[in-house]
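Undergrad: I am attaching a structure below and will ask some questions about it afterwards.
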Amino acid sequence: MERFRAETAAENERILREIESTDTNCIGPTLRSVYDGQEHGLFMDKLEGRIRNHDREIEKMCNHHFQGFVDSITELLKVRGEAQKLKCQVTETNQKLQTDGKEVLTSMDELRQCRLQQRNIATTIDKLTHCLPVLEMYSKLQEQMRSKRYYPALRTLEQLEESCLPQAGSYRFCGIMSENIPRLRTHIRDASMSDLKDFLESIRKHSDKIGETAMKQAQVQIARDNAVTSQQRSASGRRIRKEACSGTEVDRTGSNPFSEKDSGIMDVEDAEEDEIPGAHDLVDFSPVYRCLHIYTVLGARDTFENYYRKQRRKQARLVLQPHSNMHETLEGYRCYFNQIVGFFVVEDHILHATQGLVNRAYVEELWELALSKTIAALRTHSSYCTDPDLILDLKNLIVLFADTLQGYGFPVNQLFDMLLEMRDQYGEILLKKWNQSFRQLLDQDNYSPIPVASRDEYQRIAGQFPFQDPELDKMPFPKKLPFSEFVPKVYSQLKEFIYACLKYSEDLHLSSTEIDDMIRKSTNLLLTRTLSHCLQYAIKKKNVGLAELVQIIINTTHLEQSCHYLEEFISNITSVPPDTINATKLYGTSTFKDARHAAEEEIYTNLNQKIDQFLQLADYDWAAAQGGGQASDYLSDLIAFLCSTFAVFTHLPGKVAQTACMSACKHLSTSLLQLLLEADVRQVSMGALQQFNVDVKECEKFARAGPVPGFQGDTLLLAFIDLRQLLDLFTQWDWSTYLADYGLPTCKYLRVNPHTALALLEKMKDTSRKNNMFAQFRKNERDKQKLIDTVVKQLRNLIATNQA
């Protein structure tokens, strides 16, 4: 119970403190808690006790401050008088303030008017602020139109229409501007198209300048690459030699599409000589960019692309049409190539600098067209060319043309294939040129051994022609080389021909083996066709002498010996060993052998003709009663000629001299026999036979003397054996032996043909007493005639028997 009271007292105390400290607006909940409790009376007692305590405290406080209150009232009364005075002053001041306030009110009214004007001005400025950009934009548009800056003008027009005019409001000038916008767009489109047309016309006229520049750039780049390659090879070579001694690119940038320069080709005359401007430096592509962007903005890009491609196709056809006289000079080809390169350089730049104006398929289509027409034109015009230097320059120009376009990514394999086709034409032209050179050398040659007066002269000739003769080296100066000037000159011409073939093969991207094979095949044609024909011409031409033929044989022999040096020369310049598998061999040996054989045959024929000429001078008295004791004059001259001729033949190689001598003796023997049996000779006396026998003995004496060394025994005499046996048969009148032994291997007159004997015997028969060769034996004349008749009958029977 005590505990409960203590808790109630504490709760009441808490509520009292809460009432004292809480705002009256929030005391409701506290009082409710009092009324809800069970000790209400106890709380009221506590509350009254607390009120009495506070009253006592208030009373104590009032008693403490009462004197101060009285003092304050006294002071307040004193202040009343002062307050009255203050009131009067305030009233007076108020009157003055009212008087002065009228002026302030007037100023305030004026200020209000100013503020109104200021607000109006601000409103005006705000409106003008929205209108001025429109006017400025339109002024800028007009300026851009005047300066032909159409793409920025179109952008300005777009900004004016979409942004500035809507913000400016519905003013009359805005309406006028809005109405002009479509017309301005049309004007911009037409003007940009006009600039594009000017640009297309300009690049059509100046394609050759663009192409020339691009080809110069490619040429400079190739030269630099070759220089770098050469330096690397040189450095590698020096490094290898050192070890042996010690025992161990084109950046291309497009033009600014917003460039405002006029279309056309820029002047490059003031450019530095060592700096070649690029195509993009020569051409201002801004008209294309502007027109492309303008048509793109206008939504007509497809129209522009179709127009551009159509016009460029037309220009391509014009560029690919060569001039009718293009083949006459290299400049004609150069101009043609420059135009084509210039065209495709522009297209390549457009391809990479624009997005979709042209595509790769379009450019490749144009290139295929250009490639086919270019190759056809080159084949047609190059076929008219007969100058090898022009063909070679044309080949180099085509290679530069191909390398230039290949640098821009165009396939050029067909051009190199065409160059390989042109190689055959070039080879034919070279063969014609060298044919003239060989013939000129043959015509100008003196067909005499080369005299050498000093070692310097000898070394000079040895430098031209690989000649080695140890025996000749030991001989003192002056001396003579066995061959004529034709040999070193022809050898030099062969080397020059090989160099000419090599020049054509350069830069064709061929392997060393292919180059070597081409040079060898061309050289074979030169040897087997051109040089062979020229040698045949020299051998077969009229009035060629035996000395010339002999010298030709000597020359061809030395040229034949030099063929392996030519093989080595080709191998050195092509770096292909001569023993490489499938390597083409030179046919020079067979060529010079054939020429030598032809010269030998011509010598034989020429000798026979000379012998025939001497025999035409023969003047026998076929009815002579007695022969002379000396050989005929014509035969003496013939023997002297043969001796001098065969003396020259000692320089001939092999058995040529022996064959020529044997051939001449056989022909002489045959011709003498034909002379004896000639139909015009109707009668032959014994005296004539005796003189004829003296001449044959002179021939045998010549043969026995050995005019040409190398014959064994009396081999050369065999050429006259037929004639000797025939003459012995008649002069010895040994018919019984002939008829008895005929047909036997041991027959003394084995080489006498019965037909020949019968023919000659018939010429010895004559019934005329005056011309009968037996007239000196008059008493035996009848017996001799009978004897001749008897022999004739026997010969006829012998012939008839053999024929049966």
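The values are calculated or read from the model by the stated rules, or taken from the named source; none is laboratory data. Being a predicted model, the structure only gives us computed values, none of them experimental. No Cβ is skipped: glycine too gets one built from the backbone with ideal geometry, and neighbour counts run over all protein chains shown. Heavy atoms of the whole protein, side chains included, go into the accessibility calculation; ligands, DNA and RNA do not. Shrake-Rupley method; radii C 1.70, N 1.55, O 1.52, S 1.80 Å.
Undergrad: Which value, in Å², gives the accessible area per residue of the range 480-524 when a 1.4 Å probe is used on the protein heavy atoms?
TA: Per residue, the range 480-524 has an accessible area of 38 Å².
Undergrad: Relative to the Cα centre, what is the charge dipole magnitude of the chain, using +1 at the beta carbon of each Lys and Arg, -1 at the beta carbon of each Asp and Glu, and rounding to the nearest 20 debye?
TA: It works out to roughly 2760 debye.
Undergrad: Give the Debye-formula value of log10 I(q)/I(0) at each listed q (0.11, 0.20 Å⁻¹), with one equal scatterer per alpha carbon of the range 638-746, two decimals each.
TA: -0.43, -1.08
Undergrad: Name the residues whose placed amide hydrogens come within less than 5 Å of the amide hydrogen of Thr22, ignoring near sequence neighbours (fewer than 5 apart) on the same chain.
TA: Placed amide hydrogens put nothing under 5 Å from Thr22.
Undergrad: Now for a different question. If we restrict to alpha carbons, what Rg and Dmax does the chain come to, in Å?
TA: Looking at the chain, its Cα Rg and Dmax stand at 66.0, 235 Å.
Undergrad: Given a 1.4 Å probe, how much area per residue of the range 355-424 is accessible, in Å²?
TA: 42 Å²
Undergrad: Distance cut-off 18 Å, Cα to Cα: go down the list Lys148/Lys209; Lys521/Lys585; Lys148/Lys310; Lys197/Lys310; Lys495/Lys540; Lys395/Lys521 and report the pairs above it.
TA: Violating the 18 Å Cα-Cα cut-off are Lys148/Lys209; Lys148/Lys310; Lys495/Lys540; Lys395/Lys521.
Undergrad: Follow-up question, since we're still on this one. Between Gln67 and Ala223, with labels modelled 7 Å along Cα→Cβ, what's the label distance in nm to one decimal, could you check?
TA: About 12.8 nm, to one decimal.
Undergrad: Next up: Need the C-alpha centroid separation for the range 355-418 versus the range 679-729, integer Å.
TA: So the separation of the two Cα centres works out to 77 Å.
Undergrad: While we're here: Please report the carbon-and-sulfur percent of the accessible area for the range 294-389; probe 1.4 Å, protein heavy atoms only, DNA, RNA and ligands left out.
TA: 47 percent
Undergrad: Rg/Rh for the range 428-598 to two decimals, with Rh computed the Kirkwood way over all alpha-carbon pairs.
TA: Rounded to two decimals, Rg over Rh is 0.99.
Undergrad: With +1 on each Lys and Arg Cβ and -1 on each Asp and Glu Cβ, and nothing else charged, work out how big the dipole of the range 338-381 is about its Cα centre, in Debye to the nearest 20.
TA: The calculation lands at about 160 debye.
Undergrad: At q = 0.17, 0.21, 0.22, 0.23 Å⁻¹, what is the base-10 log of I(q)/I(0) for the range 7-64 according to the Debye formula with one equal point scatterer per Cα and no solvent? Please give it to two decimals.
TA: For the range 7-64, the Cα-only Debye profile gives -0.61, -0.83, -0.89, -0.94.
Undergrad: So, R0 is 56 Å and r is the distance between the beta-carbons of Lys521 and Thr670; what FRET efficiency does that work out to, to 0.05?
TA: The value I calculate is 0.75.
Undergrad: Kindly write out, for the range 474-480 in residue order, the coupling ³J(HN,Hα) from the Karplus curve 6.51 cos²θ - 1.76 cosθ + 1.60 (θ = phi - 60°), rounded to whole Hz, with x marking Gly and Pro.
TA: Whole-Hz 3J(HN,Hα) from phi for the range 474-480: 6, 6, x, 7, x, 8, 10.
Undergrad: Using amide H atoms built in the peptide plane, which far-off residues or other-chain residues are under 5 Å from Ile450 H to H?
TA: Result for Ile450 returns Leu481, Phe483.
Undergrad: Using θ = phi - 60° and the Karplus relation 6.51 cos²θ - 1.76 cosθ + 1.60, list the HN-Hα couplings for the range 145-156 in order, rounded to whole Hz, with x at every Gly or Pro.
TA: So the Karplus estimates, Gly and Pro as x, are 5, 5, 8, 6, 8, 6, 5, x, 4, 5, 5, 4 Hz.
Undergrad: Which residues' amide hydrogens lie under 5 Å from the amide hydrogen of Val283, considering only partners 5 or more residues apart or on another chain, with H built in the peptide plane?
TA: Long-range HN contacts for Val283: Met266.
Undergrad: Continuing with this model, one more query. Can you work out the Karplus-derived ³J(HN,Hα) for every residue in the range 512-527? Use 6.51 cos²θ - 1.76 cosθ + 1.60 with θ = phi - 60°, whole Hz, and x for glycine or proline.
TA: Values per residue, Gly and Pro as x: 4, 5, 5, 5, 4, 5, 5, 5, 5, 5, 5, 5, 4, 4, 4, 6 Hz.
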